[in-house]
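The values are calculated or read from the model by the stated rules, or taken from the named source; none is laboratory data. These numbers come from a predicted model, not from an experiment. FYI the Cβ positions are ideal-geometry reconstructions off the backbone, even for glycines, and counts take in every protein chain you see.
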Amino acid sequence: MKSKMPLAAIAVASLLAGGLSACGNSSAGGGEGGLAVKAGVIGPKTNPASQYWTELERGIELAQAEAEERYGVTFDLVERDDRGEPETGARLIQELLNQEQVDVIFGPSLSGVSLQVAPLIQRAGRPWMTGIPTADQIIDYSEQPNWAFRTNYNNDQNIDAVASSAFGDGKTVGMVYGTDGFGQAGYDAVRSYVEENGLDLVAAEGVDPGATSMVSQVNALNRAGVDTVIVWFTTGAEHATLLRSMAQANYDAEVVATATILDPAFTELSNAADWEQTVFAAPIDFETDEMVDLTTRYRDEYGEDPLILTAVWALYASTLTYAAAVAEAGDANDYEAVRDAMENLETIDVLGQTFDQPFSAEDHELFTPEDWISYRFDESGEVIKSD
């Protein structure tokens, strides 16, 4: 059984963004070799969820200097806008693979598009860094050898982390979720988890995207006696609206959210009194020196806070992990050698977190459920680890 052990130290100083170490005998490592990669980057640039394009692109951009310094790998990015449409994504993936002849695919950013293009990339036999999407079915292990590698968490892990925080002795649990695709998928997953584990979800309230008040949903939860609320929204603004509505209704309950609450709009549109009882979980250590530095570099480069910090991390990790594999293989055009190198990396270090034997032929997920950390917001809105 493989081991994936986060070894990150908690610190506050800013250091050079941490790298990714791959043990092996590659002569291209350590910034030597000049290995060039032609990378296809695809996501929803013109779509209401364009932030998932933004973080896809920026995560790769921020990692490129380190990929070149440590592994001698440089990237020529060929970008395509799938508009969040599965059919458009499928057409553009074929263009990237067949006309552009890219060496690797980063994206698409949305699960629906990724599910559509997965068979195309699999048949082409091209390394695929899935990046942001979390749908479990994106990686189909019945197809071997498999070409997809995920450096973000998946839905099963997210459900386990949320449920372990929400359900406990004496708790009465309800849920509020968005009626968009993300929220509905979250509700369906939580409902399945509850049924499979003999738990009780006493109330569940859907909220349409863009709602300016959730008082009616909050009152319904209150009447049902809910003291712990699972929240599954796409944006920080929706999380903030819920907490303001809870305060307006004088409803005092613990809130267990997903990592989408890291959207800066959450703390901009709510206050410390609102989020005092709010927790969320993520498999990323946000307190490492290297992660603090990455956030600083992001602000310096783009003039704003990260929109989805977990997505930036995932693409940074994808870029470095892939670069390490190319350095091991010695040639980005030798696709099978690159895939084999990914599956046989002994140790990787991403922004201060170390993972031993991160992948294998049977497991292309970087994270395991054991990697997850519980977080909350302090009075200033900074993310800190929960007690």
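For the reader, a short list of remarks on this structure follows.
- Search result, residues across the stretch 42-51 that are touching a Gly at 6+ places or on another chain (Cβ under 7 Å) and either over 19 Å from residue 134 (Cβ atoms) or surrounded by fewer than 24 Cβ atoms within 10 Å (Cβ to Cβ) (or both): 47, 49
- Residues satisfying the stated conditions in the stretch 191-221, i.e. among the hydrophobic types (A, V, I, L, M, F, W, C) and in a strand (DSSP E or B): 201, 202, 203, 204, 207
- The stretch 131-142, subset in a loop (DSSP other than H, G, I, E, B) and touching a residue at least 24 places away in the same chain (Cβ under 8 Å), residue surrounded by the most Cβ atoms within 10 Å (Cβ to Cβ): 131
- Residue 286 meets the conditions (1) crowded, with 22+ Cβ neighbours inside 10 Å; (2) hydrophobic (A, V, I, L, M, F, W, C); (3) under 19 Å from residue 183 (Cβ atoms) in every case but one. The failed one is (3).
Residue-by-condition table, conditions (1) at pLDDT 95 or above; (2) under 27 Å from residue 124 (Cβ atoms); (3) not in a loop (DSSP other than H, G, I, E, B):
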{"site": "2", "(1), (2), (3)": "no, no, no"}
{"site": "20", "(1), (2), (3)": "no, yes, no"}
{"site": "23", "(1), (2), (3)": "no, no, no"}
{"site": "76", "(1), (2), (3)": "yes, yes, yes"}
{"site": "80", "(1), (2), (3)": "yes, yes, yes"}
{"site": "92", "(1), (2), (3)": "yes, yes, yes"}
{"site": "98", "(1), (2), (3)": "yes, yes, yes"}
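- Residue within the stretch 237-248 that is part of a loop (DSSP other than H, G, I, E, B) and surrounded by fewer than 20 Cβ atoms within 10 Å (Cβ to Cβ) present: no
- Applying the condition of being β-branched (Val, Ile, Thr) and more than 26 Å from residue 146 (Cα to Cα) to the stretch 364-387 and asking which residue is surrounded by the fewest Cβ atoms within 10 Å (Cβ to Cβ) yields 384.
- Qualifying residue in the stretch 190-201 (condition: among the hydrophobic types (A, V, I, L, M, F, W, C), in contact with a Phe, Trp or Tyr (Cβ under 6 Å, 6 or more places away or on another chain) and either under 26 Å from residue 48 (Cα atoms) or not assigned by TED's automatic domain parsing to the domain that holds residue 255 (or both)): no
- If you check 130, 134, 172 for being under 19 Å from residue 82 (Cα atoms) and at pLDDT 95 or above, only one passes: 130.
- Taken over the stretch 218-234, residues that are polar (S, T, N, Q) and within 28 Å of the chain's Cα centre (by Cα) amount to 2.
- Just one residue in the set 322, 335 is assigned by TED's automatic domain parsing to the domain that holds residue 110, surrounded by 22 or more Cβ atoms within 10 Å (Cβ to Cβ) and modelled with pLDDT of 95 or more; that residue is 322.
- Residue selected from the stretch 88-110 under the condition out of contact with any helix residue (DSSP H, G or I) (no Cβ under 7 Å at 6 or more places or on another chain) and not hydrophobic (A, V, I, L, M, F, W, C), by the criterion nearest to residue 317 (Cα to Cα): 103
- Applying the condition of being under 14 Å from residue 129 (Cβ atoms) and β-branched (Val, Ile, Thr) to the stretch 52-77 and asking which residue is nearest to the chain's Cα centre (by Cα) yields 60.
- Test: residue in the stretch 86-106 that is closer than 30 Å to residue 279 by Cβ and buried (at least 16 other Cβ atoms within 10 Å of the Cβ): no
- Among the residues listed as 279, 312, the single one being surrounded by fewer than 20 Cβ atoms within 10 Å (Cβ to Cβ), under 19 Å from residue 153 (Cα atoms) and not small (Gly, Ala, Ser): 279
- Members of the stretch 152-190 that are under 21 Å from residue 312 (Cα atoms) and not in a helix (DSSP H, G or I): 152, 153, 154
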